[in-house]
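Laboratory data are not the source of any read-out in this text; all were calculated from the coordinates shown. Predicted model, so just to flag it, every value in this text is computed and none were measured. Every residue, glycine among them, receives a Cβ derived from its backbone with ideal geometry; neighbour counts consider all protein chains shown.
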């Protein structure tokens, strides 16, 4: 505070005050400090980006406006690409989300901006569900950019994935589910990504429409037992009904899969935070536990659990 009293344009001091306020959870006061840093150094992309990001969960329209301004004002900075990346990621409307991804793609070339390259991965997943043919085009575009060997393989795989999905959907549309089975079997479920449930549902749909509803049910059952979602559950119940399983029977199957595939977690001890001594994993056996990690200097953590 003494530093900014001496020099009101000392933007680095305001920035440090913002960081300190964030760590203490005093977000309103800290945001005012960041605004002063931004005003003192309008050509600083970091300040502009962080200031815009601070409104994503309180005033989304202002967050949208400021993020688009960051992309406009800093066309040669990773922060400009990063602003569009997160705006597209957080946008709920799919059509608007696609507009932001397209702006990211055109304004920040993937071979020059890491955030743009990262954005194309999430954009690909959006397109895969909306239009597999468009996803093929995006994957081919990125694969044609200068990439390292690992990145090239990823995008070549993405191109083939989208082609297979498009072919399966075309065969299903034309009533050729049996023919679609062989293509669906070639589709590799990614280890990570938001498109995983979509791919699982598509594979199950192929089996169901090919007259293999029991296999479709078992595929969804295995997935749902590990990664439950409302959409998967709804379809699981539909397939269950088709093979004469009431919802109670489906729930029983889910519990059976969980019980028979669960593994005992290794027992470990940790220092307790509020009392002296240690607590063991066994102390929480049979209890519902919220497990979280907290380190004040890490930005994503307070965003994930803002009540801590």
Report summary line: A correct fewest-to-most ranking of 39, 91 by other Cβ atoms within 10 Å would be 39, 91
Query raised in the report: To the nearest µm²/s, what D does Stokes-Einstein give for the range 109-211 at 20 °C and 1.002 mPa s, using the Kirkwood radius over alpha carbon pairs as Rh?
Result: 152
Report summary line: Quick note, the range 67-140: a/c under 1.5 would make it rounded; otherwise a/b > b/c is prolate and the rest oblate (a ≥ b ≥ c, C-alpha gyration tensor); here it is oblate
Query raised in the report: Taking the Cα atoms only, what angle lies between the long axis of helix 11-23 and the longest principal axis of the chain, rounded to 10 degrees?
Result: 50
Report summary line: Here the gain from full extension of residue 194 to residue 26, 0.36 nm per residue of separation minus their alpha-carbon distance, amounts to 57.2 nm
Requested in this report: Considering only 177, 262, 81, give the residue with the highest GNM mean-square fluctuation for the chain, with springs between Cα atoms whenever their separation is below 10 Å.
Outcome: 262
**Report entry** On Cα atoms only, tilt of 27-40 relative to the major axis of the chain in degrees
**Finding:** 60
Report summary line: By Cβ neighbour count within 10 Å, fewest first, 159, 272, 222 rank 272, 222, 159
Query raised in the report: In degrees between 0 and 90, to the nearest 10, how far off the longest principal axis of the chain does helix 247-261 point, with axes built from Cα atoms?
Result: 70
Report summary line: GNM on the chain, Cα springs under 10 Å; top mean-square fluctuation among 269, 164, 93 goes to 269
Query raised in the report: Hey, in the GNM for the chain with a 10 angstrom Cα cutoff, which one of 257, 289, 168 fluctuates hardest?
Result: 289
Report task. Can you tell me how much longer the chain between residue 73 and residue 249 gets when fully stretched, taken as 0.36 nm per residue apart minus their C-alpha distance, in nm with one decimal? Result -> 57.5 nm
**Report entry** Cα-based shape type of the chain, given that a ≥ b ≥ c are square roots of the gyration tensor eigenvalues and the cut on a/c is 1.5
**Finding:** oblate
Report task. Rank the residues 224, 108, 60 as a footprinting-exposure proxy: fewest other Cβ atoms within 10 Å of their Cβ go first. Result -> 60, 224, 108
Report summary line: Expected sort for 143-149, 40-46 on mean C-beta neighbours within 10 Å, highest first, is 40-46, 143-149
